[in-house]
Amino acid sequence: MQKVTKNKWVIGNWKSNPSSLEQAKKLAKEIKVMNFSEINGQIMVMPTSLHLTAIIDEMQNSEVLVGCQDVSFTSDSVGAYTGDCSAEQMQAIGAKWTLVGHSERRSYHQESDKQLIAKIENAFKNGLGVVLCIGETLEHYEKNQTLNVLQKQLSILKEIKQLADNLDRLIVAYEPVWAIGTGKVPQVAEVENVHKSINDYLLTINNDLAKTPILYGGSVNADNVENFAKSDWIDGVLVGGASLVADKFASLAKTFFATKK
Ligand code: PGA
């Protein structure tokens, strides 16, 4: 099957790291000075909401985009939603993209499809791009239910009213839950097959989703990234642990884009 050329991405999800604002700023400064001018794609980091403003400031005039890890489910831009930050607030301080549906949000916060739909709609309404994270658990994987689970997780896109107007603001990140933070990675051929199925399924929702980048995430590091980058079906990587050390993240990103050339 001929594959459409898609944008390429390396995204660092800092999760709830590092422990201080000073360390977060130091990490951003160290990443910023790495020379990414040669790359044929986009690099983005996603700090905690608490550090977001400072990291957006640090990354001014650099090639590195800054996004957030979550937005509130509520369409109110302000209000009585303790602990939440609205998409409008995120956009107003300069975030460009948000993760939605990361497996840690799904499992620790019991995020429902209804909430995920609301988050995506809020993000689009406020001009934020969405990295929709999907992935199967080990149990699903072992029972060969991966594709069913992923299709169910992707099917929420059918409910997004503004989808057609935001096709260039959508990325799908396939992250097997069992590969996140464990050092275990699936075979590249397995990921490739899953990505092909994701691509096929997206086309059943809207033909123009042919351009949606499909990223792999789960224990990606500077040593294994080349294998993933070699696949035409892997348009980028979403990186957790290995995005927290600047030179490792920079070397990972450079290897990814150099392999894609
Ligand atoms: P990991 O995390 O690279 O530490 O496995 C990836 C993710 O959760 O996005």
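The values are calculated or read from the model by the stated rules, or taken from the named source; none is laboratory data. Values in this document were obtained by computation on a predicted structure and should not be read as measured data. Positions of Cβ are backbone-derived with ideal geometry, glycine not excepted, and every protein chain shown enters the neighbour counts. Ligands, DNA and RNA are stripped out before the accessible areas are found, and what is left, the full protein with its side chains, is counted by its heavy atoms. Shrake-Rupley method; radii C 1.70, N 1.55, O 1.52, S 1.80 Å.
Numerical summary
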{"item": "Rounded to 5, the percent of DSSP beta bridges in the chain classed as antiparallel", "result": "0"}
{"item": "Estimated distance in nm for a label pair at Glu63 and Leu50, the labels positioned 7 Å out from Cα along Cα-to-Cβ", "result": "3.2"}
{"item": "Separation of the Val245 and Ala92 label points, Cα + 7 Å toward Cβ, nm", "result": "4.0"}
{"item": "Heavy-atom accessible surface of the chain: percent carbon and sulfur, 1.4 Å", "result": "47"}
{"item": "Integer Hz, Karplus 6.51/-1.76/1.60 couplings in order for segment 115-132, x for Gly and Pro", "result": "5, 5, 4, 5, 5, 5, 5, 4, 4, 4, 4, 9, x, 8, x, 10, 9, 7"}
{"item": "Global form of the chain, assessed from the alpha-carbon gyration tensor, a/c cut-off 1.5", "result": "rounded"}
{"item": "Net charge, Val78 excluded, C-beta distance under 12 Å - Lys, Arg +1, Asp, Glu -1", "result": "-3"}
{"item": "Label-point separation, Val4 to Asp200 (7 Å along Cα→Cβ), nm", "result": "1.8"}
{"item": "For Gly129, residues with placed amide H under 5 Å, excluding near neighbours", "result": "Trp97, Thr98"}
{"item": "Mean Cα-pair separation over length for segment 18-141, i.e. relative contact order, pairs under 8 Å, 6 or more apart, %", "result": "21"}
{"item": "Over 24 Å between alpha carbons, listed pairs Lys152/Lys230; Lys184/Lys230; Lys184/Lys254", "result": "Lys152/Lys230"}
{"item": "Accessible surface, per residue, of segment 62-213 when the full set of protein chains is kept, probe 1.4 Å, Å²", "result": "47"}
{"item": "Between segment 89-142 and segment 30-45, the Cα center-to-center distance that results, in Å", "result": "24"}
{"item": "Residue-by-residue Karplus 3J(HN,Hα) for segment 203-216, coefficients 6.51, -1.76, 1.60, Hz, glycine and proline x", "result": "5, 6, 7, 7, 4, 6, 6, 4, 8, 5, x, 10, 9, 9"}
